[in-house]
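The values are calculated or read from the model by the stated rules, or taken from the named source; none is laboratory data. Model, not experiment: these values are computed from the prediction. Heads up, the Cβs are rebuilt from the backbone with ideal geometry, glycines too, and the neighbour counts pull from every protein chain shown.
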Amino acid sequence: MSRYRVAVHIVPRRGLLDPQGKAVADALHSLGFNGVRDVRVGRHLVIDADAPEPQSAERAVRDMCAKLLANPVTEDYEIANVEQA
Amino acid sequence: MKFGVITFPGSNSDEDAFLAITDVLGQECVKLWHKDHDLRGVDVVILPGGFSYGDYLRAGAIARFSPIMREVITHADRGGPVVGICNGFQIACEAGLLPGALLRNASLQFVSELCRVRVETTETRFSNQYAPGQILRLPIAHGDGRYTADDATLDRLEQNDQVVFRYVNEKGEVDPSADPNGSMRGIAGIVNERGNVLGLMPHPERAAEAIVGSADGVALFESLLAQVGV
């Protein structure tokens, strides 16, 4: 068993209204970042978990996303990083 | 008829629901704790408003895993009535008892006001004491009330007559400017396909006596009683 640190991004599904993202985009435009086309505000979770190998740590976090961490109706998730903790 | 109101850590409308049921309706009501494993024989379960578990992660996401929710899901699967009010609606969606999700209000602001909702169907056990198209004044108080689902789900809700309440303007029309949170198709409350689980963002239990500004919520509870002829 080793300890792995798994980072996961959870973001509002593209196409759904994300008022926070829109507010941030508007603020960026007012600062002169005129190239900004779209912003979505989500969550970034970092989970330390014991697992026999990195693949199983990642699998466990995907399962956690499906069951609790992400809402399957409105959010998408992706594993951003897996490393030895 | 025996009601049960569940208190989660962070519930704040449980007492209002209890008083509406006992004082106004004169019915029996037991207070249930989120760690209970037994519904104590209640006929109707109320998931009350509030901010269970601080709305951490997503509103209702953690409450959904409270021990009592296993019993609530079993009760609902057997056809037992469940009313999810505000945070209770969010919990019911997270638990899969109702389709869709409640997201951050489009305005990004918490809204606390007396809103107008139209009764879209009286063919449910929660709305049979209203008149079709009746406009109700009910209070809302939430930051995450924007009902969201994919188009196929929304179409199915409409085809099956599962939309019970919609936000409307003074003329009684669905109007984006009268939609306090940006809900899709103006949806304020729905029932599941079987018709035994209701979720709504407005607070009928806080509109149970004229002295608080509206008594329009009472008929929702009376509808449940009419169902069994209490």
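Somewhere in segment A:1-8, is a residue exposed (fewer than 15 other Cβ atoms within 10 Å of the Cβ), part of a strand (DSSP E or B) and either within 11 Å of chain B (Cβ to nearest Cβ) or among the polar types (S, T, N, Q) (or both)? Yes, because at least one residue in segment A:1-8 is exposed (fewer than 15 other Cβ atoms within 10 Å of the Cβ), part of a strand (DSSP E or B) and either within 11 Å of chain B (Cβ to nearest Cβ) or among the polar types (S, T, N, Q) (or both). Among the candidates B:Pro99, B:Pro81, B:Pro9, B:Pro48, the residue that is in contact (Cβ under 8 Å) with a residue 24 or more places away in the chain, over 16 Å from B:Gly199 (Cβ atoms) and of a type outside the set (Gly, Ala, Ser) is uniquely B:Pro9.
With respect to the conditions (1) surrounded by fewer than 17 Cβ atoms within 10 Å (Cβ to Cβ); (2) in contact with a strand residue (DSSP E or B) (Cβ under 6 Å, 6 or more places away or on another chain), A:Ala23 lacks only one, and its number is (2).
Only one residue in B:Glu205, B:Glu158 is outside any loop (DSSP other than H, G, I, E, B) and crowded, with 20+ Cβ neighbours inside 10 Å, so which one is that?
Numbers: B:Glu158 fails: crowded, with 20+ Cβ neighbours inside 10 Å.
Within the list B:Glu205, B:Glu158, the selection yields B:Glu205.
Here's the yes/no breakdown for (1) of a type in the set (Asp, Glu); (2) surrounded by 16 or more Cβ atoms within 10 Å (Cβ to Cβ); (3) under 15 Å from the mean Cα position of the chain (by Cα):
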{"residue": "B:Phe8", "(1), (2), (3)": "no, yes, no"}
{"residue": "B:Asp14", "(1), (2), (3)": "yes, yes, yes"}
{"residue": "B:Phe18", "(1), (2), (3)": "no, yes, yes"}
{"residue": "B:Leu32", "(1), (2), (3)": "no, yes, no"}
{"residue": "B:Pro48", "(1), (2), (3)": "no, yes, yes"}
{"residue": "B:Phe51", "(1), (2), (3)": "no, yes, yes"}
{"residue": "B:Ile62", "(1), (2), (3)": "no, yes, no"}
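Is there a residue being surrounded by fewer than 13 Cβ atoms within 10 Å (Cβ to Cβ), within 14 Å of another protein chain (Cβ to nearest Cβ) and closer than 25 Å to B:Leu97 by Cα anywhere in segment A:42-51? Among the residues of segment A:42-51, not one is surrounded by fewer than 13 Cβ atoms within 10 Å (Cβ to Cβ), within 14 Å of another protein chain (Cβ to nearest Cβ) and closer than 25 Å to B:Leu97 by Cα, which makes the answer no.
Condition check ((1) over 13 Å from the mean Cα position of the chain (by Cα); (2) at pLDDT below 95; (3) not in a loop (DSSP other than H, G, I, E, B)) across all residues:
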{"position": "B:Arg137", "(1), (2), (3)": "yes, no, yes"}
{"position": "B:Phe165", "(1), (2), (3)": "no, no, yes"}
{"position": "B:Glu170", "(1), (2), (3)": "yes, no, no"}
{"position": "B:Ala188", "(1), (2), (3)": "no, no, yes"}
{"position": "B:Gly199", "(1), (2), (3)": "no, no, yes"}
{"position": "B:Ala219", "(1), (2), (3)": "yes, no, yes"}
{"position": "B:Glu222", "(1), (2), (3)": "yes, no, yes"}
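Of all the criteria given as (1) within 14 Å of chain A (Cβ to nearest Cβ); (2) surrounded by fewer than 23 Cβ atoms within 10 Å (Cβ to Cβ), the one not satisfied by B:Arg194 is (1).
Every condition in (1) among the β-branched types (Val, Ile, Thr); (2) assigned to a loop (DSSP other than H, G, I, E, B); (3) away from chain B (no Cβ under 11 Å) holds for A:Val61 except the one numbered (2).
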